[in-house]
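Below: one structure, written as structure tokens.
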There are 4 protein chains.
Amino acid sequence: MAAATRELVRREVIPIEDEYDGDVEAAGGETLRRDLQAKAAAAGLLAPHGPVDCGGRGLGMVDRAPVFEEAGWALFGPMALNINAPDEGNIHLLDHVATASQRERFLRPLVAGETRSAFAMTEPAPGAGADPSMLLTRATKVDGGWLLNGHKWFITGADGAGFFIVMARTSGEPGGAGGAGGATMLLAPADAPGLEVVRHIGTVDRSMLGGHCEMRFTDVFVPDDDVLGGVDEGFRYAQVRLGPARMTHVMRWTGAARRAHEVAVRHVAGREAFGGRLADLGMMQQMIADNEIDLAATRALLLAACRELDDGGRASESTSIAKTFAAEALHRVVDRATQMCGGLGVSRDLPVARIAREIRPFRIYDGPSEVHRWSIARRAVRRLAGDAR
Amino acid sequence: MAAATRELVRREVIPIEDEYDGDVEAAGGETLRRDLQAKAAAAGLLAPHGPVDCGGRGLGMVDRAPVFEEAGWALFGPMALNINAPDEGNIHLLDHVATASQRERFLRPLVAGETRSAFAMTEPAPGAGADPSMLLTRATKVDGGWLLNGHKWFITGADGAGFFIVMARTSGEPGGAGGAGGATMLLAPADAPGLEVVRHIGTVDRSMLGGHCEMRFTDVFVPDDDVLGGVDEGFRYAQVRLGPARMTHVMRWTGAARRAHEVAVRHVAGREAFGGRLADLGMMQQMIADNEIDLAATRALLLAACRELDDGGRASESTSIAKTFAAEALHRVVDRATQMCGGLGVSRDLPVARIAREIRPFRIYDGPSEVHRWSIARRAVRRLAGDAR
Amino acid sequence: MAAATRELVRREVIPIEDEYDGDVEAAGGETLRRDLQAKAAAAGLLAPHGPVDCGGRGLGMVDRAPVFEEAGWALFGPMALNINAPDEGNIHLLDHVATASQRERFLRPLVAGETRSAFAMTEPAPGAGADPSMLLTRATKVDGGWLLNGHKWFITGADGAGFFIVMARTSGEPGGAGGAGGATMLLAPADAPGLEVVRHIGTVDRSMLGGHCEMRFTDVFVPDDDVLGGVDEGFRYAQVRLGPARMTHVMRWTGAARRAHEVAVRHVAGREAFGGRLADLGMMQQMIADNEIDLAATRALLLAACRELDDGGRASESTSIAKTFAAEALHRVVDRATQMCGGLGVSRDLPVARIAREIRPFRIYDGPSEVHRWSIARRAVRRLAGDAR
Amino acid sequence: MAAATRELVRREVIPIEDEYDGDVEAAGGETLRRDLQAKAAAAGLLAPHGPVDCGGRGLGMVDRAPVFEEAGWALFGPMALNINAPDEGNIHLLDHVATASQRERFLRPLVAGETRSAFAMTEPAPGAGADPSMLLTRATKVDGGWLLNGHKWFITGADGAGFFIVMARTSGEPGGAGGAGGATMLLAPADAPGLEVVRHIGTVDRSMLGGHCEMRFTDVFVPDDDVLGGVDEGFRYAQVRLGPARMTHVMRWTGAARRAHEVAVRHVAGREAFGGRLADLGMMQQMIADNEIDLAATRALLLAACRELDDGGRASESTSIAKTFAAEALHRVVDRATQMCGGLGVSRDLPVARIAREIRPFRIYDGPSEVHRWSIARRAVRRLAGDAR
């Protein structure tokens, strides 16, 4: 399936991405998504990770890695295969937690690409940013359901999403000791009264359909049937979603970084200066080798974590390590590729600058590197110093 | 003058930059330039580095450092003071080499901001990129002047420039041994027949008026009077221009990086998470301290090189070291600032993302770090191992 | 077997290492080796990688990784298990290439720990250092055998070795184009006339029995029966030895670096300063997390390469990448551990300083990182730019 | 004076250092010190920083920089000129604080090299390590003086020192809020009853006469006349000593790192491999250039701080920044030099390995980099975010 993905992406996706410099709205937005997904469906490549009963291909983590990497080789590739964040993680989450009815109403159309979704968790200060325990959005029990009130932002794909999985506090207080209890996931269709997409936050990346948005929930009524999983179980489900979602991010960005690297290697292999081919200069060789090493180490850590996930583990530590390493290593790869391409590396004439623009937030999204390091260190101290703090 | 610059920049320049996210064309382009320069002139701040007889303030390198840094604190600040590349370097060059008549016709209006200029040196492969000895553009002697033919790109500020300083081969062959001889600088007004600005190369930065352009010179006639300096002396003059131009780049970008740092420090000083203020977390403190160190080291190297230039030295080595260090250190500063600001660091809501976008090419423009390192190493081997290779 | 190794190492090896600060000669040298190996043999742990018919345990690469890591946790651990360089690699090589007679005379006693061996390849300038094509030592055909003449250095374990595998040029010229042909491996007992161990080169590491020595071969006669494998096949065999030998180095040093990390984590978990526990300071957490990441990435790359070797591949690229990454990552781990321990980190009171001393050469031995990067880059350019240079 | 120092060091000091691999005790210890200082005195180079009335040359900070760097080029060079830590800092401190009588009894013989001294501040946990507020050693007022009790370690030069400046708590409690008040400096001759040098802590460095020792003070009586400065003023005096002492460390280590760099450059300029001279390979050039940049930036930061000190400033921030940068940059320089020299870089055959061994603790001694960064960050937050925490 990787080979077929590679073929589809190069034939159908790259020309459009190149023409519009990776700006998904300029390239057609929702229309482009439907076009590309139709082509992927025709090639049997739509939703390779989706549950089989919903029309997906049911690939496990290890098996999806090469497919997702090939899709990610183009910025619009994951959208074409319907494996983009946040839908991809939402499919995983719904597959594990949704009721039969929710599965029909929400999961099946999502796998089929008939709609898009978003995951509404992050909040502006003083709410839940990197520290989820500070969750401020509240759902209050009312007759037959819940009333949802809150303020969210950086909600990826929100503009145009068909429905939202909203994380809301149903007990406890923000920043409370431990802070792990008390959140519930709620399903809210985009046209629910009181649900508002306020604005696109103008982020540096432009390839994500629906942008990263600011949202307000004002007395949004969510019927009991649309509670996703158990009440007060939200933080636990977020963990279920998190590990695989981190790893599929790594898969996709590995593809993008690899493209930048390949472009750069071909660039320096085709240029002469200082009496020889650029690719034969030692400083270029050092950058090429460092890219190869960073890509290999990223894949090795990714596969170790995917094996753990496929074996049924939570893999909190290994996915955290793999995500942190990958976000930094792939950024280095693209940065070196930029440098190798010289002036062209910061221009639209090559795809490298656009990949650099898109990949930068990966060190921040899905947990900034600093938060992952904090968590990795605490585990290590507990493990090595027999300490429960 | 630094304090007055600071005041002007904050009052007049920053609001416009913030509104238009540092996109100079969107913000008004040439109209904006004339507006801002009128305000700078009214404040006695126009062309602080320009020769006094042409209306400038005649500041030496050491004295201009704090002024340029304050101007660079805003992306449009250097344009406001008329100290932007490439005009700033061209003023320096013309001041040293122009004839009295050239001084009147080219230098005086440039200092006054009545026109802009560009420096046409870089060529697409297989011409002169990082290796100037590969210069392909030729000027051929004809009766009363020279015929100029060639292809240039990454010509900063070309679109809308009033005149060009063009580097052309007048003897020798590209890539020849040594390759240092044989180039001449020619002055060509923008409306010279055969001179064509082909396109803007779509680079990641957007704050530079006139963009980075591709140009063609087809039988452009340059009268003998418009030869700048001696025939075949072009490479030597380029060196005269280079040292100070590198250092003023460092001054301006130090200002921009400092702004990103200041914004980030204030951001983390105003946020709470994980049970305390972000600014009190050790990983944040490490980034803050590393930024302070990088800024201090950049300024220290800059001043050492400026002193050498003010003392009349060529300062090839010290400016090369300072430029290389600064381009990388300031990039690190802005990257850490991005990380410190989290999601806002990659958004338009803060100026950090835009500064990151603008500063990235500095490691490539004015000599990629790799070329500087090659040259620094060769000098060191010669000096330490008594070697003439 | 890893658990038993761990137990043996902690009970029998660590106390001696700690007492003598890892100086193998001070700790007893050859006597210590025989003592420790007797204990390992009693525990069924001797030569876990050795061929079963010679008394080893026949572990493949993936299976030996955790055992070797546990052995490497102590600096004298690999010697105790008889899995130290260069014997370990020589066992692998002899197992693949030795004749039945050579197997009895050389391999069997080596696996049993009855003797030690060395691999004599590296030469002082202008001979074969990082670039094997410059091999100067020659073997000249004479009646019934070969006459060996040459100068070697950095021959690990030479002093006290029972026999040597000597790499000598049997055709071609040093530095010749390609330079891959023309070397032969010869077996020479330590008491062969003309074979001389000139001196120990005083290297920073002190845990390797037999040191790193300078040697001279003067008309050393090697009978035809003691040619190891085919004439002129030496460079190919060196490759056979190389891949696994690199990986077992990584296994052992991973153990040593992990010990430094564990010591450091326990140190900062037990100290208070600046109003709290050191282990809870963000800068400490960053070092702890970076160590965890570096260790995880090292192991992931190692296992990927070991799988390839166990599957019968040459694994030149994956072992080169894993070795280069590991040598640098493990060095970083130990350096951070040093920093975490403060003054004690550079003292004999903790094992960290001694591990730092021993691990530093790993970035140089078995191919300096620079040579590996050169080779990794050349492969990448060939693969990605379709280039045969 | 720099040139004369250079000459003295190369002629008299280097041969001995090379012979004994920088081990000061092996090279003669106290006898060597007296020999070398006699030669320095004869050349008019003894105590160039000492006060003139005590026989020194009275050089300010900027002026001593090149002299100290030349002395530091050899590991025993600073001892030869009597500008080694801790005497050098003690001379500075006594010059500022000592009474006339103390000046005669302690300072004059110290400047003349008739005795050595030590500065007893650091304590084992849970006392004052990187955090001075945890000071546990106490001086209790008794009739006519003070009784000193406490436990110190890492007291540089203690073994053989003629007298000690001891930091002891005279009020307040360890770790108290702020914790800055309450310490006093006391002068104690080595033969004071109750003063005991317990042991040398076996640190990795071996060039420091008198080692780094553990000490105990048991009811040591210090007469009132031997209190250095005011009671409870000790922390303030420690700051007076600190700034210049940090900078002279940087000067000396810059010399040592430069020597490693010079040796490495000459090494690669004299070797051939891979078809050319090592010094012409790009990866070597990168290391050479990075060394030049790190050395230049170190010197630039050093001079900026020295100017501030010479102008009478406290220079807490600039010396902290310069020390932190220098300790890491010089370590990188020596590490790259090691790598450039290959196997010889980790051997006694070149001085590089020994310089690496000696310079490693500099990132820990005189405030670990982490503590400096913590302090730099806190200042920055205060300055930029108007914050008094």
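The table below gives the values:
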read-out	value
Under 30 Å from D:LYS152, Cα to Cα: lysines that are on another chain or at least 8 residues apart	D:LYS141, D:LYS323
The range C:236-385 - Rg and Dmax from Cα coordinates, angstrom	17.5, 60
Other copies of A:GLY194: label-to-label distances in nm, shortest first, labels 7 Å along the beta-carbon direction	7.5, 7.6, 9.6
Distances in nm from C:SER171 to the matching label points in the other copies, shortest first (labels 7 Å along Cα to Cβ)	5.5, 8.2, 9.0
Per-residue [θ]222 nm for chain D (sum of -39500 (n - 2.57) over DSSP H runs n ≥ 4, rounded to 500)	-14500 deg cm²/dmol
Tensor-based shape of the protein assembly as shown (alpha-carbon gyration tensor, a/c under 1.5 rounded, otherwise prolate or oblate)	rounded
Gap separating the Cα centres of the range C:327-378 and the range A:285-346, nearest whole Å	22 Å
Electrostatic dipole magnitude of the range C:236-385 [Cβ: Lys, Arg +1; Asp, Glu -1; Cα centre; debye, to 20]	580 debye
Top of A:ILE14, A:ILE355, A:ILE376 by mean-square fluctuation, Gaussian network on chain A, Cα under 10 Å	A:ILE376
The range C:42-57 and the range A:122-200: distance between their alpha carbon centers, rounded to Å	61 Å
Most mobile listed residue (D:ALA304, D:ALA245, D:ALA353) in chain D, GNM with C-alpha springs under 10 Å	D:ALA304
Relative exposure of A:TRP146, B:TRP253, judged by other C-beta atoms within 10 Å (fewest first)	A:TRP146, B:TRP253
Quotient of C-alpha Rg and 2.2 N^0.38 Å, computed over chain D	1.00
Label geometry 7 Å along the beta-carbon vector: A:GLY28 inter-copy distances in nm	4.0, 7.6, 8.5
Rotationally averaged projected area of the range B:117-232 (alpha carbon convex hull; nm²)	6.9 nm²
Hits among lysines - C-alpha to C-alpha of A:LYS39 under 28 Å, sequence gap 8 or more where chains match	none
Closest Cβ on chain C to the rotation axis that carries it onto D (distance rounded to whole Å)	C:ARG357, 4
Shape call, the range D:127-179: gyration tensor on alpha carbons, a/c limit 1.5	oblate
For the range C:2-111, diffusion coefficient by Stokes-Einstein and Kirkwood Rh (Cα), 25 °C, 0.890 mPa s, µm²/s	175 µm²/s
Mean separation of Cα contacts under 8 Å (6+ apart) over length of chain B, as relative contact order %	15 percent
Fluctuation leader among C:GLY270, C:GLY211, C:GLY28 - chain C, Gaussian network, Cα springs under 10 angstrom	C:GLY270
Kirkwood hydrodynamic radius (C-alpha pairs) into Stokes-Einstein, the range D:1-56, 4 °C and 1.567 mPa s, D in µm²/s	108 µm²/s
Convex hull per residue volume in Å³, alpha carbons only, for the range C:209-287	171 Å³
Rounded to the nearest 20 debye, dipole of chain B from Cβ charges on Lys, Arg, Asp, Glu	840 debye
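FYI, it's all coordinate maths here, none of it is from the lab. Since we're looking at a predicted model, the values are computed, not measured. Cβ sites come from the backbone with ideal geometry, for glycine too, and all protein chains shown count toward neighbours.
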